[in-house]
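Notes follow the structure.
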Amino acid sequence: MTVRSIVTLAAGAAAVAVLVAGTASAQSLESVYKGHNVELLIGFGPGGGNDTWARLVAAHIGKHLPGKPTVIPKNMEGAGGLQVANYLFNAAPKNGRVFGLINRGIPLEPLLGGKGTDFDARKFTYIGSPDRDTTVCGAMKTAEVQTMQDLFAKELVMGATGSGADTAIYPEFLRAVLGMKFKVVKGYKGSSAVALAMERGEVQGACLAFTSFATKSIYREGKVNILFQAALKPDPDIKGVPSALDVVKSAADRQALELFFARVELGRPFVAPPGLAPELVKGLRDAFQATLADPAFRADAKKRRFTVTPVSGEELQKLVDDIYKTPKDVVGRVAKALGRK
């Protein structure tokens, strides 16, 4: 037998081995999901933008998982999203049949000294995000505050959910670092409840993801002014709205805002428990990306005025790892601004 023949046979054997391994893996994953339900936990109250995104994913991802299981969405709001994060990290089964949507600020909480964070954010299994939505802060047109500059002279009462949620932590942080005169009222169950409180006059404003604001009737009916964007980069879909970075007065303040605003890049992170078998990780990530590319999913997203800008699980993992490499003095400045450490 010639060397060329041996090489040809070896290559053929390798190709068969890869094919067999791939088939076995697919069959193995099908046994994980076929005939079982998958639970998608939502770390937010019902009716808001994150809840809608999660339920949209739940409605479509099942057909892209091997065995085509039924995916059941379940709200598990509490402590600004920490409840679902702690559950996924410590108690959820690691069988690939439980994953969830967490608040994008949750991965930063252990780094910044947040209370009740019983997890290492770097060890979650990051599945992906359907978008990179920008946080904005807005006020009712009946409020005295009508521009970002007004916030340095007049108080604005903001509605919020839990202490670790964006609705609370954004105004608190910006008050501490930039001196914006926010007063935060917590305890509302989701962004829809905050919007209703704005309409009733219980509070005057809120900091929300822009697409979440855009779904609210108070925004669609022109009752709200978007005061500024709170993100690293201007959102092209929100033209003419200034950035909080525009009023930064020192390099130290800019570094603090850049670390804090890094959460925006995480979008709406879907995560699974740590320590999943590699084939389960790949199966979930592949199904998630296939869902986001599905024309039926995109059509449903469009009906809800959502823009699909996917972030892969690998990208989310790298973003979190990079955030945790931030210099200690910058981390300390942000933590101090949040009343921690």
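The values are calculated or read from the model by the stated rules, or taken from the named source; none is laboratory data. Owing to the predicted nature of the structure, the values given are computational and were not obtained by experimental measurement. Positions of Cβ are backbone-derived with ideal geometry, glycine not excepted, and every protein chain shown enters the neighbour counts.
Laid out as a table, the results:
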quantity	calculated
Lone qualifier among 177, 264, 194 - being within 13 Å of residue 48 (Cβ to Cβ) and in a helix (DSSP H, G or I)	194
Index of the failed condition, residue 252 passing every other in (1) surrounded by 14 or more Cβ atoms within 10 Å (Cβ to Cβ); (2) of a type in the set (A, V, I, L, M, F, W, C); (3) over 30 Å from residue 94 (Cβ atoms)	(1)
Conditions (1) assigned to a strand (DSSP E or B); (2) surrounded by 24 or more Cβ atoms within 10 Å (Cβ to Cβ); (3) not β-branched (Val, Ile, Thr): number failed by residue 107	(1)
Test: residue in the range 45-62 that is under 22 Å from residue 296 (Cβ atoms), at pLDDT 50 or above, of a type outside the set (Gly, Ala, Ser) and not in a helix (DSSP H, G or I)	no
Qualifying residue in the range 120-127 (condition: at pLDDT below 95, polar (S, T, N, Q) and in the same structural domain as residue 48 (by TED's automatic domain parsing))	no
Residues satisfying the stated conditions in the range 36-94, i.e. under 16 Å from residue 292 (Cα atoms) and among the β-branched types (Val, Ile, Thr)	52, 57, 61, 71
Of the criteria (1) assigned to a strand (DSSP E or B); (2) surrounded by fewer than 21 Cβ atoms within 10 Å (Cβ to Cβ), which one residue 158 fails	(2)
Criterion: closer than 26 Å to residue 328 by Cα and at pLDDT 95 or above - qualifying residue of 265, 221, 315	315
Checking residue 297 against (1) in contact with a His (Cβ under 6 Å, 6 or more places away or on another chain); (2) free of Cβ contacts under 8 Å to residues at least 24 places away in the same chain, the condition it does not meet	(2)
Residue 88 vs. criteria outside the structural domain of residue 161 (by TED's automatic domain parsing), touching a Pro at 6+ places or on another chain (Cβ under 6 Å), buried (at least 22 other Cβ atoms within 10 Å of the Cβ) and in a helix (DSSP H, G or I)	yes
Some residue of the range 172-182 being of a type in the set (Val, Ile, Thr), within 12 Å of residue 135 (Cα to Cα), in contact (Cβ under 8 Å) with a residue 12 or more places away in the chain and crowded, with 19+ Cβ neighbours inside 10 Å	no
Of residues in the range 231-247 being at pLDDT 95 or above and either of a type in the set (A, V, I, L, M) or not in a loop (DSSP other than H, G, I, E, B) (or both), the one surrounded by the fewest Cβ atoms within 10 Å (Cβ to Cβ)	246
Test: residue in the range 71-81 that is modelled with pLDDT of 95 or more, crowded, with 24+ Cβ neighbours inside 10 Å and assigned to a helix (DSSP H, G or I)	no
Condition met for residue 145 (assigned by TED's automatic domain parsing to the domain that holds residue 217 and at pLDDT 90 or above)	yes
Subset of the range 272-312 [of a type in the set (Ser, Thr, Tyr) and either closer than 14 Å to residue 99 by Cα or assigned to a loop (DSSP other than H, G, I, E, B) (or both)]	307, 309
Considering residues of the range 75-96 that are touching a Phe, Trp or Tyr at 6+ places or on another chain (Cβ under 8 Å) and in contact (Cβ under 8 Å) with a residue 40 or more places away in the chain only, the residue farthest from residue 127 (Cα to Cα)	77
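This table checks each residue for (1) within 18 Å of the chain's Cα centre (by Cα); (2) crowded, with 20+ Cβ neighbours inside 10 Å; (3) not assigned by TED's automatic domain parsing to the domain that holds residue 258.
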position	(1), (2), (3)
289	yes, no, yes
297	no, yes, yes
300	no, no, yes
303	no, no, yes
307	yes, no, yes
317	yes, no, yes
321	yes, no, yes
324	yes, no, yes
